[in-house]
Amino acid sequence: MHGPASSGWLLVALCAATGAYCLLRMRSGVEEQRRAAGDEALMGFGMAAMAVPAAVFTPPPWAWPAYAVVFGAAGLRALWAARSGRHHLHHLVGDAAMVYMALVMAGSPAHGHGPSGVPLLTGVLLLYFAGYVLLAGVRLLPVAVVAGGGAASGSGSEAGGGATGGWGDRPELARACRLSMGIAMLAMLLTM
């Protein structure tokens, strides 16, 4: 991606750590959580690879079309899976954003100089991910606890239910990962 190397490395670390945690979440006993975690691990590692500063590593010319194909296929899978859950629509938008960024990078001049991307499409994606980040941040806020020990209101349920123990079934960590990837996507789109 375009931009300073230090912010690129921070994005690489954030996205790689998120992808690694998503791999841990794939050990969940709930099939829908495993499937969502796999999609999110692909997104996290793909974003990490895309965020490596160009001054350090310039991918070969075939890499960007390969990204577009991989995330295009992931988008088709998310579209198919959206029949069973709304969350997959977010995966579809994320995959579309990755395809868009890969195509822009494939067509951009060396070293990222000059205009790139379609401003209207970039703006729509920025608005979507800004809204998503705000919503994901609100979902991480603690809920009020009533005298009986139960939560007064839920912050939205994740696919497959609540925490049942183990690192793969921690909904608050899954939400934090989604928030991290949303913030990273915003940062990557801002550099276009």
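Read the figures in this text as sums done on the coordinates, not as results from a lab. Please read these numbers as outputs of a predicted model, since none were measured by experiment. When we count neighbours, we look across all protein chains shown, and the Cβ atoms used for this are built from the backbone with ideal geometry, even at glycine.
Would you call A78 under 16 Å from S108 (Cβ atoms) and either acidic (D, E) or under 18 Å from the mean Cα position of the chain (by Cα) (or both)? The answer is no for A78. Surrounded by 17 or more Cβ atoms within 10 Å (Cβ to Cβ) and part of a helix (DSSP H, G or I): does that describe A73? Judged against the criteria, A73 is not a match.
Residues that are among the acidic types (D, E), part of a helix (DSSP H, G or I), within 19 Å of M192 (Cα to Cα) and under 12 Å from the mean Cα position of the chain (by Cα) do occur in the stretch 89-99.
For the stretch 46-70, which positions are part of a loop (DSSP other than H, G, I, E, B) and surrounded by 13 or more Cβ atoms within 10 Å (Cβ to Cβ)? Matches in the stretch 46-70: V52, P53, A54, P59.
There is no residue in the stretch 71-86 that is in contact (Cβ under 8 Å) with a residue 40 or more places away in the chain and either under 21 Å from L11 (Cβ atoms) or among the basic types (K, R) (or both).
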